[in-house]
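The values are calculated or read from the model by the stated rules, or taken from the named source; none is laboratory data. Computed from a predicted structure; not experimentally measured. Cβ coordinates were reconstructed from backbone atoms using ideal geometry, including for glycine residues, and neighbour counts include every protein chain displayed. In case anyone asks, the SASA skips ligands and DNA or RNA and just uses the protein heavy atoms, side chains included. Shrake-Rupley method; radii C 1.70, N 1.55, O 1.52, S 1.80 Å.
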Amino acid sequence: MIDRSTAPKIQALENFQLQTPRKETLQNGIPVFFIDNEHLDLIHILIRLKTGILHEDIKHIATFTYGLLKESAPKHNANEMADLFDFYGTHYTCSVSLDNTTLTISVPRSNISKILPEIYEFLATPCFREENLSIYKNLKIKDLEYNAQKTDVQSTRLMLHAMFGDAHTAGQFSTRENIQAVSIAQMLDFHRKTFCAENIRIFVTGNVDDQVHQSICDTFGQVPHGVAAADLHDLRLPADPSPIIAQEMPNSVQSSITICQSLMGYTHEDRCDFSILSTITGGYFGSRLMQNLREKNGYTYGISCGSSYFGNQSLFLISSDVNIQHTQAAIDACFEELHRLQTEPIPEEELSTAKNYILGDQIRDLDNSVSYLKRYVFWDKFNTDENEFYRIIDRVKNIDAERIQNLAKKYFAYNKFTQIIVGRKL
């Protein structure tokens, strides 16, 4: 019988090697990265477009344009396209983020030459239909009305407005009016400007035989040329560095709190070490914030802490939903832990536990070729590659308590944060 009263021995991370993807360049200049896995007959294709919410000139245009592609095939209506995907065992999703749009396709190897041309048709030459646009708008309006009652969504809304302001659509508040204002002509224009070879990078994993390889190259080698989207390096945050932003929701039983600031980009010299500090602060179940707000005081069920990277900067967020009568106490507890990290060296046992967690998490994040593909897509976005993994492992192994404390002093100053509070009575 397994003795569950004793933790298993921790194994040192040694000699872990990642596969270097094969890189090819299509005839139109699109780079394609292949991570070979002869045991995976479900081919996974990720198409990353250098266009997202921060590239919009009209609120919602990126989400509407790329979110409605699947329903906009020239030869098939939405139901017919769904049936076609079912018949060929194909899964397709679209995700629009601040700086990128990611199209994810998974299809059995034997069917790829049949379904890929159908997918390319709606990707390259969409036929947007008023009926589908009307349904999509109604769904977005229903979401808007529903989310107006959710404190966490409203907190995110206020945070984005504080950080980006009205100059960027990411900071503009979503309204019924700007949802209804999106038109097919605007979507076609946005698609024409953004769906081009200069904005696309493709990543593939699976059992890529000659037929699969040829089908991918022939299909996406047709993407037309255009003008590359502008870089986001000149973007500066925050737009409104208000110390406290509050919104009352009298009937709420909880408050959603977000403590945030703009910080360094992914390639900054402090980034890797800061991510370790962030994990210790609130990035796992044994973190300082979790132990204080949940285990010690019972203010919340959970609290998260982390960074979202784009361009040459990031948003660092601490966020939680707390019992409404403990709103201020929970905020005070957050800053109490940030202050402790600045003034007290982290004990060696706590640092060792955090290091082991981070190392294990890095391995779990790469435990199969699909996970590795997604991680590689992220690295590639910041002009890095699989060597980033080895850099992270090296930093985790070698960071010490003094470095952690110095980073906390540098980045956790009280007056650098914006506090967003939604829910409590003011």
Checklist entry - Do the conditions hold for F335, that is, is it under 21 Å from the mean Cα position of the chain (by Cα), at pLDDT 95 or above and surrounded by 15 or more Cβ atoms within 10 Å (Cβ to Cβ)? => result no
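Condition (residue is assigned to a helix (DSSP H, G or I), over 17 Å from the mean Cα position of the chain (by Cα) and surrounded by 17 or more Cβ atoms within 10 Å (Cβ to Cβ)) applied to the stretch 368-379: is it met by at least one residue?
Here is the first cut: in the stretch 368-379, the residues assigned to a helix (DSSP H, G or I) are 369-379.
When the remaining residues are screened for being over 17 Å from the mean Cα position of the chain (by Cα), the result is 369.
Keeping just the survivors that are surrounded by 17 or more Cβ atoms within 10 Å (Cβ to Cβ) gives 369.
Within the stretch 368-379, one or more residues are assigned to a helix (DSSP H, G or I), over 17 Å from the mean Cα position of the chain (by Cα) and surrounded by 17 or more Cβ atoms within 10 Å (Cβ to Cβ).
Which residue out of Q342, Q362 is modelled with pLDDT under 95, outside any strand (DSSP E or B), in contact with a helix residue (DSSP H, G or I) (Cβ under 8 Å, 6 or more places away or on another chain) and closer than 22 Å to H268 by Cα? If you could, list the steps in order and put the result at the bottom.
Details: Q342 fails: modelled with pLDDT under 95.
Going through Q342, Q362 in turn, the sole match is Q362.
Name the single residue that is least open to solvent (accessible area, probe 1.4 Å) among those in the stretch 344-367 being acidic (D, E) and over 13 Å from F16 (Cβ atoms). Steps first, answer last, please.
First pass over the stretch 344-367, keeping only residues acidic (D, E): 344, 348-350, 361, 365, 367.
Of the ones still in play, those that are also over 13 Å from F16 (Cβ atoms) are 344, 348-350, 361.
Values: E344: 83, E348: 124, E349: 149, E350: 45, D361: 62 Å².
Out of the qualifying residues, it is E350.
Give the residue, chosen from E121, E130, that is touching a residue at least 40 places away in the same chain (Cβ under 8 Å) and closer than 27 Å to L373 by Cβ. Reasoning before the result, please.
Numbers: E130 fails: closer than 27 Å to L373 by Cβ.
Just one listed residue meets the conditions, E121.
Every residue in the stretch 412-426 that is open to solvent by 20 Å² or more (accessible area, probe 1.4 Å), in contact (Cβ under 8 Å) with a residue 40 or more places away in the chain and not polar (S, T, N, Q), please. Reasoning before the result, please.
Pass one, the stretch 412-426, residues open to solvent by 20 Å² or more (accessible area, probe 1.4 Å): 413-416, 424-426.
If we keep only those that are in contact (Cβ under 8 Å) with a residue 40 or more places away in the chain as well, we get 414-416, 424-426.
Once the filter is applied, which keeps residues that are open to solvent by 20 Å² or more (accessible area, probe 1.4 Å), in contact (Cβ under 8 Å) with a residue 40 or more places away in the chain and not polar (S, T, N, Q), the stretch 412-426 yields Y414, K416, R424, K425, L426.
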Next on the checklist: I'd like to verify a number: residues in the stretch 275-313 that are part of a helix (DSSP H, G or I), within 30 Å of L232 (Cβ to Cβ) and of a type outside the set (V, I, T), how many?
Outcome noted: 6
